[in-house]
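Structure, as C-alpha cells:
Taken together, the values in this text are just the output of simple stated rules run on the coordinates, not laboratory data. Here the structure is a predicted model, which is why all the values come from computation and not from measurement. Cβ: placed from backbone, ideal geometry, glycine included. Neighbour counts: every protein chain shown.
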C-alpha cells in the first residue's frame, strides 16, 4: 500500500533516518526524520500559481512541539497546544533563514513549511532534526529549491568539538552553536559561547559544515529515490531595457542621494527619485510598472555596491572598518533599578534593568516539563524608531529573535545564581534605528545591568558586520547601516568581551560564504568590539557595588535540611507568620537554602533573626528575648527562639514568693529569659528572675539558697508496712470487718508476677 523510501546514516553516535512515502502523501513533499528517539514530521506545500500583482516571496515556516511527543499534557485552562511559544518562534526562524535565500529570484509562489515534533526523547534537541526534515521535504517536493542544506549543533568542551551534544553536555561546555550550510558554503550561524576566541569559533563553524555535508549526501540519496519532477517555471530576466531607461532618468539622482550622510535627507531624496521613475512608467501596463519598481531597487543596490567595491566609499562616507560615533550614558531614569541610553550613529536604545525575587522568574511549560528562567531580555521596535506609521502591539517574530540574540550575548557573563540570587529582566526599547538595533541592545543592556549593580564578569559589546560580494571581489563592512544591510549580501553579528566571543549570528542572502570571508569578518569585528567597549567604559567602567535604593535586597542563608520543617511549620503556618510579621518575602528550597527579600533592610534582618531563632539550638546560660504563650498554675511557657518553648516555673519569675503566675506575666507579654537547663528530652527550664527585664543584662542571683531539710528521724512508729494489713502499727489495726488481707505470697499466681519494687527481700 505504501511506497516508502528510506535512507539512514550513523551520525554523532546515533542513527539519523529520513523516510518518505508513508505519511502526509498529499503534500508536495513530506519527510519523517528520526534521530535517536526524537521524531519530526515536516510537510511542504506550494501554491501552483502566483496571485495577481504579487512581487514578493511568501514563504512561511511553522515549527510546532506536540506535548504528547514527550508524554505530557499541556498546562493552562485549555490543555492543548495554542499560540507559538518563544522556542517555537525561534526555531521557525532558524529553519526559515537558511532556506529562504535558496529560492530563485522572481519565484513568488506561496510555500508553507510545517514541521511538527511527534516524539521527543529528552536528549536530542528537535530543532536540528526539524531543519534537516525541512530541507529533505523541500528537496523532494519538486519546487525550485537550490538545496539541500544540512544542519548540525556543535558543543565545545576541554578543547574538543562535540557533534550534536545533549542539553546536559551543552550546559557543561563552552559553546552551543547551530550551523546550516549547503555542500559548498555556510548559510546560517546561531550561537551562544563562553568567551571563545575567533579561531575557536571559526573552527566550530567549519566542523559543523563538514558534518552537515554527511546529512546533505543522505538527502540527495533520498531525492534520487523519491523526488518529484521539478517544476517548470519561467524566470527569464527581461529587465535590461527597463534598467537602462531607469539609469538614464534617475541614475544620477540615486547616486547623489546615497552620498547624503543624514538618513532623513537621504530617504527624502530617494523617494523623490522613485516618484520620478514611477512617473516615467505611468503609461505602461501594471505588470511593467511592477517590474520597474523591482528594477529600481536593483539599480540602487548596484550603485551602492559599486561605490563600495570600486572606491571604498560607504553611504555615510566612513571607512570600511570605521564605527559610527557613540554616546552612552547610565542612570538617567530615576526610578528604575538600572538604566542606560546607548546611541550609535542613528541607532538608539533605551535599556532598563529590573531586579526581582524568585517569584518573578519566568515559568516555561515545554517538552522538558516546567522550567524556570531567572534572566529575561525583551526587545521592542516601535514604528516611530524608523519614522513610520505602523502596527504597535505584541512583539513579532523579528522582535523575539533580536531579543534572544541579545540574551545569548549577555547570558554567559551573568554571575552564578548563588552569588547573585536575583531574577533579572532587561528591557530594550529602540527609539531610533538605522542598522543593528540588536547590537545596540547588547551594549545598552550590558550598561543597564552594570548600573543596576549586577556583578557581571566582564562588559559585553556587539557589532554588526556586512558584506558586499561580486565574483572574487568582496568588502567587509563594520557597523553597517540599514541600507547597507538591505543592499548587501550578509548580516554578521558578533558580541563578546575583551576575552572572547559570547554570541555569533550570521545570515546570508546569497548561496553562502567561504572560510576566508568569515575569518576576515571575525577579525574585523574584534577590532570594532574593542572600540565600542572603550566608548562604553567612558560611561561606566564596572558594575556598581551598591544596588539601587528602589531594588529589593536579597539575603541568603543555609540551614540544615532537618530544620526545614520547623521553618515552614504545619501547613506553612510558621513561614506565613514570618512574612506577615516582618513584611519580608521568604523562599526556601529542598536543600535548605533560604532567600529573604525586601527593599527594607530592617525587614530582612527581622526575618533572618526569626529564622535563626527557629533553627538555632538553645544554649544553657544564654539570655534570650521571648514571648509568653501560655500560663498554667505552676508557671508560664515562653516562646524564646521562634520555634522553641520553655517553662518559667513560678519560683523562677521573681526572687520573692509569687502566689500566681498571672500576678507577674500575661499572655503575649515580651520577657527576657535565661536558659537554666535542657534535659535529655529537649525540655527547657527558663528563669526570668536572674535577668533585668529592661536591659536584658544578667543579674546576680541574690535569693538565698534553700536551707537543708532536717533529718526525719526514726519512722518505726509507722509500723511494719510489710505485715498483714490488719496490723499496721500506728495506722490502726482492725480494717472494719474486712478482715486481714492475705499474705502476698499466699495470693494466686505467687510473687513471680509482681513488679520488682513490691517483692520481699
What helix-only [θ] at 222 nm does the chain give? Using -39500 (n - 2.57) per DSSP H run of at least 4, over all residues, to the nearest 500, the answer is -9500 deg cm²/dmol
Compute the Cα gyration tensor for the range 194-264, then decide on rounded, prolate or oblate, letting a ≥ b ≥ c be the square roots of its eigenvalues: rounded whenever a/c is under 1.5, prolate when a/b is larger than b/c in the other cases, and oblate in all that remain.
oblate
Under the rule a/c < 1.5 gives rounded, and otherwise a/b versus b/c splits prolate from oblate, where does the range 168-226 land using the Cα gyration tensor?
prolate
Obtain the nm distance between the two label points defined at residue 169 and residue 656 by a simple spin-label model: each point lies 7 Å from its Cα along the Cα-to-C-beta direction.
8.4 nm
Taking the DSSP beta bridges in the range 5-226 as the whole, what percent of them are antiparallel, to the nearest 5?
85 percent
Can you give me the angle between helix 573-582 and the longest principal axis of the chain, using Cα atoms only, in degrees from 0 to 90, rounded to the nearest 10?
80 degrees
Hey, what did the range 553-615 get for relative contact order, percent, Cα under 8 Å, at least 6 apart?
41 percent
Once you put a point 7 Å from the Cα of residue 694 and another 7 Å from the Cα of residue 105, both along the Cβ direction, what distance in nm separates them?
9.5 nm
Please arrange 213, 274 by how many other C-beta atoms lie within 10 Å of their C-beta, fewest to most.
213, 274
Considering only the chain, percent of DSSP beta bridges that pair antiparallel, nearest 5:
90 percent
Rounded if a/c is under 1.5, else prolate if a/b is larger than b/c, else oblate: which is the range 6-143, with a ≥ b ≥ c the root eigenvalues of its Cα gyration tensor?
oblate
Normalised by the number of residues in the range 240-311, what is the relative contact order in percent for Cα pairs under 8 Å and 6+ residues apart?
39 percent
Need the C-alpha centroid separation for the range 382-401 versus the range 101-173, integer Å.
28 Å
How many angstrom lie between the Cα centre of the range 251-313 and the Cα centre of the range 598-612?
67 Å
To the nearest 10 degrees, how steep is helix 263-280 against the longest Cα principal axis of the chain, on a 0 to 90 scale?
40 degrees
Relative to the first principal axis of the alpha-carbon coordinates of the chain, what is the inclination of helix 397-410, with its axis defined by its Cα atoms, in degrees from 0 to 90 and to the nearest 10?
60 degrees
Neighbour-count order for 400, 215, 323, fewest beta carbons within 10 angstrom listed first
323, 400, 215
How far apart, in nm, are the 7 Å Cα→Cβ label points at residue 160 and residue 15?
2.5 nm
Arrange the following residues from fewest to most other Cβ atoms within 10 Å of their Cβ: 381, 2.
2, 381
Multiply the residue separation of residue 619 and residue 666 by 0.36 nm, subtract the distance between their alpha-carbon atoms, and state the gained length in nm to one decimal.
14.4 nm
Extension length gain for residue 306 and residue 286 (0.36 nm per residue less Cα distance), in nm, is 4.2 nm
